[in-house]
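Take a look at the structure below.
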Amino acid sequence: MDRLNERAELMGRMLDTIGAMKYMPSGAQSQAVMRSAAYRCINCSETDACRTWLEQHPDGAEHPLDQCPNAALFNSWLDN
């Protein structure tokens, strides 16, 4: 459970940092998209890099960490 909580917190911080929270999709399909994103985050091997990146961007960023397994997804929300 600790790992799940840690990754959920990191993913939420990433979405907040890049301003993608307001662009998250809604509806039935969004649940599957978010489950997939959470799965990728839970299995990510870049936790330390993610945490460091978030600490280095306290005032926000235009795009997520390049190594983020959800970078393409999050960027697609920002590009819409």
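The values are calculated or read from the model by the stated rules, or taken from the named source; none is laboratory data. What you see is a predicted model; the values in this text were computed from it and never measured. Ideal geometry is used to build each Cβ from the backbone, glycine not excepted, and the neighbour counts take in all protein chains shown. To get the accessible areas, we keep the full protein, side chains included, count just its heavy atoms, and leave off ligands, DNA and RNA. Shrake-Rupley method; radii C 1.70, N 1.55, O 1.52, S 1.80 Å.
Return yes when C68 is part of a loop (DSSP other than H, G, I, E, B) and surrounded by 11 or more Cβ atoms within 10 Å (Cβ to Cβ) and no when it is not. So that I can check it myself, show each step before the final result.
Numbers: part of a loop (DSSP other than H, G, I, E, B): yes; surrounded by 11 or more Cβ atoms within 10 Å (Cβ to Cβ): yes.
Taking the combined requirement at face value, the residue satisfies it.
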Completion exercise
Those residues of segment 10-40 which are closer than 22 Å to L54 by Cβ and of a type in the set (G, A, S) amount to G12, G19, A20, S36, A37, A38
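I need the full set of residues from segment 1-20 which are closer than 13 Å to N70 by Cβ, open to solvent by 60 Å² or more (accessible area, probe 1.4 Å) and aliphatic (A, V, I, L, M), in order please.
If the condition is that a residue be closer than 13 Å to N70 by Cβ, open to solvent by 60 Å² or more (accessible area, probe 1.4 Å) and aliphatic (A, V, I, L, M), then A8 is the only one that fits.
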Completion exercise
Listed by first then second residue, the pairs whose first member lies in segment 59-80 and is under 20 Å from A8 (Cβ atoms), whose partner is open to solvent by 80 Å² or more (accessible area, probe 1.4 Å), with beta carbons under 6 Å and at least 6 positions apart or on separate chains, are P69/R40; N70/R40; W77/Y23
Exercise for the section: Hey, could you check segment 9-54 for residues that are out of contact with any helix residue (DSSP H, G or I) (no Cβ under 8 Å at 6 or more places or on another chain) and among the hydrophobic types (A, V, I, L, M, F, W, C) and say which is modelled with the lowest pLDDT? Expected result: A28
Exercise for the section: Answer yes or no as to whether Q29 is touching an Asp or Glu at 6+ places or on another chain (Cβ under 7 Å) and open to solvent by 80 Å² or more (accessible area, probe 1.4 Å). Expected result: no
